[in-house]
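First comes the structure, then the notes that go with it.
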Protein chains: 2
Amino acid sequence: MLVKKYVDMLQQKSVIRTLSEFATARGKEIGYENVFDYSLGNPSVAVPEEFNETCITLLREMEPMQLHGYSQSLGIPEVRQKVAESLNRRFSMNYKADHIFMASGAAGALSHAFRLVAQEGDEIITFAPFFPEYNPYVNLTGAQLKVVPPRTEDFQINFEAFEEMITEKTKAVLVNTPNNPSGIVYSEETLKKLAKILEEKSKEYGDTIYLISDEPYREIIFDQQKAPYVSHYYDHTISCYSFSKSLSIPGERIGYVAVNPSCKDAEKMIVMCGQISRGIGHNCPASLIQLAVAENLDRTADLGVYETNMNLLYDELKSLGFTCVRPGGTFYIFPKALEEDAAAFCDKALKYDLILVPADSFGCPGYFRMAYCIDTDKVKRSLPALRKFVETEYPNR
Amino acid sequence: MLVKKYVDMLQQKSVIRTLSEFATARGKEIGYENVFDYSLGNPSVAVPEEFNETCITLLREMEPMQLHGYSQSLGIPEVRQKVAESLNRRFSMNYKADHIFMASGAAGALSHAFRLVAQEGDEIITFAPFFPEYNPYVNLTGAQLKVVPPRTEDFQINFEAFEEMITEKTKAVLVNTPNNPSGIVYSEETLKKLAKILEEKSKEYGDTIYLISDEPYREIIFDQQKAPYVSHYYDHTISCYSFSKSLSIPGERIGYVAVNPSCKDAEKMIVMCGQISRGIGHNCPASLIQLAVAENLDRTADLGVYETNMNLLYDELKSLGFTCVRPGGTFYIFPKALEEDAAAFCDKALKYDLILVPADSFGCPGYFRMAYCIDTDKVKRSLPALRKFVETEYPNR
């Protein structure tokens with residue numbers, strides 16, 4: 001007999017997946033270039049050429065067993081060292097190699113972070129709007145994901161609701177800034193206030209509440225700002241990173257866990273990651289990819305296109321009368337739908353070949369997400385369709 | 001508070017790891033070339049050059065977002081198709097792409113196989129001698145690993161003991177042939193008898209008992225034989241493969257799950273693997289590595305050195321009077337120690353710079369493992385040390 005909990009999951013269909021499949025099917029009818037597909041958060045810019053060149057140099061010059069041989073389960077020591085140095089250089093931290101665990105992308109990193117601090121019966125709190133995959137990520141550890149309702153005026157944290165939800169069962173709080181789906185960057189003020197509450201509650205309950213920071217969009221920041229580095233504000237922070245977006249290599253599945261050196265037992269937590277891996281069958285990223293990333297840590301793909309796209313969309317949405325908070329980063333924008341039922345709204349948009357994602361599963365009903373990691377040309381061509389959609393379907397808004 | 005079950009695991013030190021660290025330390029004193037390190041099962045031959053060339057061609061010629069972009073969580077469809085075709089060609093099977101799930105090495109493949117069919121309260125049976133990592137692999141799913149004692153005369157299956165251990169709780173049987181640590185290949189007769197019992201017991205209990213076949217050594221076979229393909233003998237077989245040994249690319253972490261097309265719900269099981277991945281944070285192998293492997297499926301590294309080494313060691317061990325079954329494949333040999341306590345035996349060997357692994361943790365006390373994935377020159381140089389060790393320490397054997 002097959003294990004029921006996984007069989008049951010086959011029934012649940014992701015709305016993003018469904019819409020993306022619709023877009024692909026529609027593309028076969030009218031040409032995909034004519035489908036304004038804002039459904040998927042897939043990077044649309046090329047990897048930096050230097051990354052490919054590094055791979056080729058490694059393949060040509062490195063001794064084969066050194067290049068392709070078994071790496072340590074925590075990651076290649078030199079790679080971990082270089083990751084630590086890059087983080088220290090860019091975010092004024094003091095990581096050592098011992099604080100870094102190489103993971104196969106953000107899912108791999110988070111799966112270790114959750115298991116470090118939470119198990120059956122425990123709770124992890126996150127904030128709406130949130131990436132819906134957090135549900136299986138957390139709930140299949142045996143712990144439970146609790147979602148704080150959104151603060152829709154600016155998508156910072158709804159602290160009042162948060163303080164009501166935090167209990168002795170809360171072992172960790174999960175943040176994602178810059179945020180998927182809102183595109184919002186948590187302010188210093190937000191992070192300081194969050195840290196203060198976590199310190200107080202940890203003291204009150206006599207048990208550390210950890211902060212797990214999922215930050216794959218850390219490098220996609222607009223207006224020449226810099227996103228506050230979450231770990232700066234709270235010692236007990238476990239940062240989870242993926243190179244998918246910054247280097248545009250999502251298929252290569254590489255990221256890491258970085259534990260704040262001031263966190264109690266920080267080095268032990270990294271060694272524990274290796275034990276967690278044994279249980280879940282995680283393997284550290286491919287050696288070739290680890291070594292190539294290590295030579296390109298301070299580099300990114302040409303991410304400017306996302307800001308260009310954001311500005312085009314934001315201006316058009318505002319001019320059409322949408323309620324919309326201006327994103328500070330990522331490649332998402334998160335406006336309020338023009339009717340209460342965002343699913344109905346997005347359904348009507350399909351007639352105009354606009355693929356928008358209703359945000360019910362993101363914990364924020366009445367809103368929708370646009371992932372603008374697409375060609376700027378297509379964004380431009382989508383604007384008249386957006387206008388036509390709004391003016392035809394909502395003439396009296 | 002950190003999760004206790006993983007903290008506790010930090011106390012348990014693997015004997016293989018301890019010995020390997022000893023070998024490294026001793027190597028720093030006398031030169032590693034003078035340490036006869038038979039501790040680790042790491043491939044010692046180079047990847048086929050064609051593999052590296054395929055990587056370089058992909059990096060030079062493929063469109064970057066196609067090469068490095070998100071792949072489907074079950075693996076790249078064309079890669080799965082090619083894996084199916086290669087298996088069909090070589091083992092007369094009838095797999096389709098829908099029966100293949102790309103995994104990050106054998107640990108990744110097994111972690112999915114176990115979760116498909118077993119959970120909390122269930123049991124999985126395997127046969128001694130066995131790879132000790134099966135313990136955390138199985139036990140951390142919540143199911144329990146049960147080990148059938150060895151049949152030491154030939155290291156085929158001890159069916160009498162097996163039939164006593166199989167119960168309604170048994171959801172799967174795990175085999176590893178060619179076997180780590182014995183080097184033995186299960187005969188057709190063994191596999192047919194095993195299948196017969198599984199069919200009868202499945203019928204008796206009214207529930208399928210699955211056969212999980214861990215076969216990373218499938219391609220390392222001696223005497224120009226071919227290892228029987230396990231899935232041929234039993235419909236409900238889940239084959240788990242890794243390219244680590246056949247292509248000598250263990251660091252690249254790539255393998256797959258192949259479900260026998262005649263298994264009930266075979267296609268559904270593969271889709272379930274994608275759901276299991278969400279829970280354990282597994283990511284399919286790096287795109288570049290998937291695409292490169294797909295072009296080299298019928299190729300292997302030059303594996304002949306392992307047979308050369310085996311013959312040298314086997315002849316010497318026999319001439320020294322060891323009880324030893326001749327390996328049919330892998331790069332392991334598994335003699336009986338010259339005293340009851342194999343740990344004491346291996347400890348004495350250290351004085352001769354011979355690093356041998358006692359087999360207590362393999363479920364076979366009194367035996368030891370030699371991993372001869374090392375240079376043939378070193379094997380030759382180790383023979384006098386082996387002779388001196390035996391003649392000095394066991395003069396009256």
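Summary table below
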quantity: Unmet criterion (only one of (1) farther than 30 Å from A:Lys378 by Cβ; (2) facing another protein chain (nearest Cβ under 9 Å); (3) part of a helix (DSSP H, G or I)) for A:Ala113; calculated: (2)
quantity: Among residues of region A:131-149, those that are assigned to a loop (DSSP other than H, G, I, E, B) and farther than 19 Å from B:Arg278 by Cα, counted; calculated: 1
quantity: Single condition B:Thr152 does not satisfy, out of (1) within 14 Å of chain A (Cβ to nearest Cβ); (2) part of a loop (DSSP other than H, G, I, E, B); (3) touching a residue at least 60 places away in the same chain (Cβ under 8 Å); (4) not small (Gly, Ala, Ser); calculated: (1)
quantity: Residues being of a type in the set (A, V, I, L, M, F, W, C) and either closer than 30 Å to A:Glu50 by Cβ or crowded, with 21+ Cβ neighbours inside 10 Å (or both) - total across region A:318-337; calculated: 4
quantity: Residue among A:Asn179, A:Asn158 that is more than 14 Å from chain B (Cβ to nearest Cβ), more than 19 Å from the chain's Cα centre (by Cα) and not hydrophobic (A, V, I, L, M, F, W, C); calculated: A:Asn158
quantity: Filter result for B:Leu383 (in contact with a helix residue (DSSP H, G or I) (Cβ under 6 Å, 6 or more places away or on another chain), of a type in the set (A, V, I, L, M, F, W, C), touching a residue at least 24 places away in the same chain (Cβ under 8 Å) and more than 16 Å from B:Pro150 (Cβ to Cβ)); calculated: yes
quantity: Count of residues meeting criterion [crowded, with 23+ Cβ neighbours inside 10 Å and out of contact with any His (no Cβ under 9 Å at 6 or more places or on another chain)] in region A:44-54; calculated: 0
quantity: Residue check, A:Arg397 under 26 Å from the mean Cα position of the chain (by Cα) and either part of a loop (DSSP other than H, G, I, E, B) or within 21 Å of A:Thr330 (Cβ to Cβ) (or both); calculated: no
quantity: Candidate set: region B:6-39, residues that are closer than 30 Å to A:Arg115 by Cα and in contact with a Lys or Arg (Cβ under 9 Å, 6 or more places away or on another chain); chosen: the one surrounded by the fewest Cβ atoms within 10 Å (Cβ to Cβ); calculated: B:Leu10
quantity: Residues of region A:267-293 satisfying the condition of being in a helix (DSSP H, G or I) and of a type in the set (S, T, N, Q); calculated: A:Gln275, A:Ser277, A:Ser287, A:Gln290
quantity: Those residues of region A:155-197 which are aromatic (Phe, Trp, Tyr) and in a helix (DSSP H, G or I), in sequence order; calculated: A:Phe159, A:Phe162
quantity: Helices (runs of 4 or more DSSP H) lying entirely in region A:5-72 (those with 1 or more residues that are within 30 Å of A:Pro178 (Cβ to Cβ) and facing chain B (nearest Cβ under 8 Å)); calculated: A:49-61
quantity: Search result, residues across region B:65-84 that are surrounded by 17 or more Cβ atoms within 10 Å (Cβ to Cβ), at pLDDT 95 or above and of a type outside the set (A, V, I, L, M); calculated: B:His68, B:Gly75, B:Arg80, B:Gln81, B:Lys82
quantity: Pair list, Cβ under 7 Å, 6 or more apart: region B:70-90 residue under 21 Å from A:Glu133 (Cα atoms), other residue crowded, with 17+ Cβ neighbours inside 10 Å and β-branched (Val, Ile, Thr); calculated: B:Leu74/B:Ile270; B:Gly75/B:Ile100
quantity: Test for B:Tyr372: is it more than 30 Å from B:Thr54 (Cα to Cα), among the hydroxyl-bearing types (Ser, Thr, Tyr), touching a helix residue (DSSP H, G or I) at 6+ places or on another chain (Cβ under 8 Å) and not assigned by TED's automatic domain parsing to the domain that holds B:Pro228; calculated: no
quantity: Qualifying residue in region B:254-266 (condition: more than 7 Å from chain A (Cβ to nearest Cβ), in a loop (DSSP other than H, G, I, E, B), crowded, with 24+ Cβ neighbours inside 10 Å and not polar (S, T, N, Q)); calculated: yes
quantity: Index of the failed condition, A:Asn296 passing every other in (1) outside any loop (DSSP other than H, G, I, E, B); (2) more than 30 Å from A:Thr126 (Cα to Cα); calculated: (1)
quantity: Scope region B:306-341; condition assigned to a loop (DSSP other than H, G, I, E, B), over 21 Å from the mean Cα position of the chain (by Cα) and within 22 Å of B:Asp360 (Cα to Cα); matching residues; calculated: B:Gly321, B:Phe322, B:Thr323, B:Ala337, B:Leu338, B:Glu339, B:Glu340, B:Asp341
quantity: Subset of region A:196-221 that is among the small types (Gly, Ala, Ser) and in contact with a Ser or Thr (Cβ under 9 Å, 6 or more places away or on another chain) - its residue that is surrounded by the most Cβ atoms within 10 Å (Cβ to Cβ); calculated: A:Ser213
quantity: Any hit, region B:194-204, residues being within 14 Å of chain A (Cβ to nearest Cβ) and closer than 30 Å to B:Ile76 by Cα; calculated: no
quantity: Among (1) surrounded by fewer than 24 Cβ atoms within 10 Å (Cβ to Cβ); (2) part of a loop (DSSP other than H, G, I, E, B), the one test that A:His232 misses; calculated: (2)
quantity: Meets criteria (buried (at least 24 other Cβ atoms within 10 Å of the Cβ) and in a loop (DSSP other than H, G, I, E, B)) for B:Ser244; calculated: yes
quantity: Close pairs from region B:173-195: first over 22 Å from B:Ser361 (Cβ atoms), partner of a type outside the set (Ser, Thr, Tyr) and in a helix (DSSP H, G or I), Cβ under 7 Å, at least 6 apart; calculated: B:Leu191/B:Val230; B:Lys193/B:Phe159
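Let's see how each residue does on (1) within 14 Å of another protein chain (Cβ to nearest Cβ); (2) crowded, with 23+ Cβ neighbours inside 10 Å; (3) aliphatic (A, V, I, L, M):
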residue	(1), (2), (3)
B:Cys273	yes, yes, no
B:Gly279	yes, no, no
B:Ser287	yes, yes, no
B:Ala292	yes, yes, yes
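The values are calculated or read from the model by the stated rules, or taken from the named source; none is laboratory data. Since this is a predicted model, take the numbers as computed values, not measurements. Cβ sites come from the backbone with ideal geometry, for glycine too, and all protein chains shown count toward neighbours.
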